[in-house]
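Q: The structure follows.
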Amino acid sequence: MNIAVSILIRNIARAEFGLIRGGNEVTSGPLYELFRRPNRMVSGYDLWKETAAWWYLEGEAFWWFGPDYDGGLPHEIYILDPRRVRHEGVTAGGVYDPFHQLNKRWFFQTDTDLIPILTDELIQFRDWNPWNPVRGVNPLIALSLELEQDYYANKANSQLLKNNAVPMGILKTDQTIRPEEADALEKRWESKYGAVKANRKIAVLGKGTSFEPLSFTPEVVKLFELKRWNLYTILAKYGIPPRVANISDKSTALSGKDTQEQHSAFWQYTLIPTLRQFENILETQFFIRFGLRETGKFNLGDIPELQESEDAQSNRDIAEINAGLKTINEVLQERGKDKKPWGDVWYRPKNMIPTTGGKGGDNENA
């Protein structure tokens with residue numbers, strides 16, 4: 001789970017958040033500075049990384065405008081721990097009242113105080129919750145049994161490895177020994193060869209005594225299979241292809257192309273939908289609320305996993321130019337390069353005759 005969430009949040013933070021006004025990028029001003037440095041301790045990168053972390057751990061995240069906020073456009077943004085946030089719609093006994101939830105206050109529990117927070121001092125990123133329309137829902141609730149099984153499997157495996165540096169086995173002898181002799185033999189074996197001390201040591205046994213190792217039981221083998229199943233279940237829940245988590249199945253030959261496709265699918269079907277949801281939440285709870293002309297967008301243009309290879313892009317551009325769907329200057333503009341003086345003229349591929357689309361024929365005004 002920790003690996004899955006770490007993969008998600010560090011990739012989401014790679015998508016740079018920017019402001020757009022009238023189709024142009026905003027690179028200065030109070031609003032720009034707010035998202036560049038939300039408060040004196042947090043950068044814009046940290047803002048989205050921590051927001052995504054709470055989103056994937058708790059199904060919600062809270063932005064608070066700070067203790068000095070007195071209305072209008074906020075000057076600071078703080079990320080709150082959702083586990084310490086309570087809604088006034090929940091009574092002291094934990095009973096939720098769905099009919100009197102609007103305009104209720106929030107409360108944040110510090111180590112010493114209970115801080116009341118008004119609804120207009122917060123932005124709440126909330127995933128859908130079938131049990132509570134005010135709060136998000138922890139995405140791991142559906143995996144509670146898998147997580148519990150994995151915990152106990154880890155505990156059993158750790159105990160097995162800690163106490164059995166050599167395979168489990170029994171000391172056998174054809175002689176009759178007294179209980180105190182058996183205890184002494186067991187202690188001597190454990191002190192010299194048991195636990196962690198048994199690395200590559202040679203066992204010297206007395207006359208008539210032999211050591212018979214025992215192989216792992218089917219139950220122990222099943223623990224490893226269970227952990228593997230739970231691993232793929234958690235990755236599937238978070239929408240992470242195995243190769244993105246550096247996990248390869250020996251039964252599947254993973255080529256470089258397959259790895260690239262999994263990384264691309266990770267962005268297309270997991271990260272981008274989350275980023276779009278963040279944008280929509282901000283649009284409603286921030287930009288529209290404060291009547292701003294700006295809007296916020298995540299820039300995905302610098303994400304290599306979403307870019308086609310240079311050869312594939314060139315081949316597609318050539319095909320569209322030959323089909324008359326684009327001119328050379330349109331392609332150059334998309335690539336951010338200077339236009340050519342002749343680039344607005346389309347040339348037919350067969351006879352290379354320039355045309356301007358005039359009624360007088362293909363060669364008119366050529």
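Q: Filter the stretch 324-343 down to the residues that are of a type in the set (Val, Ile, Thr) and in a helix (DSSP H, G or I) and list them by number.
A: So in the stretch 324-343, the residues of a type in the set (Val, Ile, Thr) come out as 327-328, 331.
Result: 328, 331.
Q: Report every pair of residues separated by at least 6 positions or lying on different chains whose Cβ atoms are under 7 Å apart, first residue within the stretch 111-134 and under 22 Å from residue 69 (Cα atoms), second assigned to a loop (DSSP other than H, G, I, E, B).
A: Here the result reads 116/105; 117/105; 118/105; 119/103; 121/65; 121/69, each pair linking the stretch 111-134 to a residue that is assigned to a loop (DSSP other than H, G, I, E, B).
Q: Further, regarding this structure: Considering only residues that are part of a helix (DSSP H, G or I) and either open to solvent by 50 Å² or more (accessible area, probe 1.4 Å) or within 29 Å of residue 238 (Cβ to Cβ) (or both), which ones fall in the stretch 32-42? Spell out how you get there, then give the answer.
A: Taking the stretch 32-42 first, the residues part of a helix (DSSP H, G or I) are 32-36.
The answer is 32, 33, 35, 36.
Q: Which residue is most open to solvent (accessible area, probe 1.4 Å), if the candidates are limited to the stretch 120-131 and must be farther than 17 Å from residue 51 by Cα and under 24 Å from the mean Cα position of the chain (by Cα)? Let's see the steps before the verdict.
A: From the stretch 120-131, those farther than 17 Å from residue 51 by Cα are 120, 129-131; that's our starting set.
Then drop every residue that is not under 24 Å from the mean Cα position of the chain (by Cα), which leaves 129-130.
Numbers: 129: 17, 130: 71 Å².
Out of the qualifying residues, it is 130.
Q: Also, I was wondering about something else. Give the residues of the stretch 54-72 that are open to solvent by 20 Å² or more (accessible area, probe 1.4 Å), assigned to a helix (DSSP H, G or I) and in contact with a strand residue (DSSP E or B) (Cβ under 9 Å, 6 or more places away or on another chain), sorted by residue number.
A: Correct list: 54 only.
Q: For the structure I just gave you, tell me whether residue 45 is surrounded by 14 or more Cβ atoms within 10 Å (Cβ to Cβ), over 19 Å from residue 80 (Cα atoms) and without any contact (Cβ under 8 Å) to a residue 40 or more places away in the chain. So that I can check it myself, show each step before the final result.
A: Values: surrounded by 14 or more Cβ atoms within 10 Å (Cβ to Cβ): yes; over 19 Å from residue 80 (Cα atoms): no; without any contact (Cβ under 8 Å) to a residue 40 or more places away in the chain: yes.
In short, no.
Q: Another question about this same structure. Scan the stretch 9-31 residue by residue and report those that are crowded, with 16+ Cβ neighbours inside 10 Å and touching a strand residue (DSSP E or B) at 6+ places or on another chain (Cβ under 7 Å). Steps first, please.
A: Step one: of the stretch 9-31, the residues crowded, with 16+ Cβ neighbours inside 10 Å are 9, 11-15, 17-19, 26, 31.
Within the stretch 9-31, 15, 17, 18, 19, 26, 31 qualify.
Q: Follow-up. Please go through (1) in a strand (DSSP E or B); (2) more than 30 Å from residue 148 (Cα to Cα); (3) under 17 Å from the mean Cα position of the chain (by Cα) for residue 46 and return the number of the only condition it doesn't satisfy.
A: (1)
Q: Related question: Among the residues of the stretch 293-348 satisfying the criterion of being aromatic (Phe, Trp, Tyr) and surrounded by 13 or more Cβ atoms within 10 Å (Cβ to Cβ), which is farthest from residue 267 (Cα to Cα)? It would help to see each step written out before you state the result.
A: Going through the stretch 293-348, the residues aromatic (Phe, Trp, Tyr) turn out to be 298, 342, 346-347.
Still in the list and also surrounded by 13 or more Cβ atoms within 10 Å (Cβ to Cβ): 298, 346-347.
On the way: 298: 13, 346: 36, 347: 38 Å.
That would be 347.
The values are calculated or read from the model by the stated rules, or taken from the named source; none is laboratory data. All values reported here derive from a predicted model rather than from experimental measurement. Because the Cβ atoms are built from the backbone with ideal geometry, glycine has one as well, and the counts that use them run over all protein chains shown. The accessibility values were calculated without ligands, DNA or RNA, using every heavy atom of the protein model including side chains. Shrake-Rupley method; radii C 1.70, N 1.55, O 1.52, S 1.80 Å.
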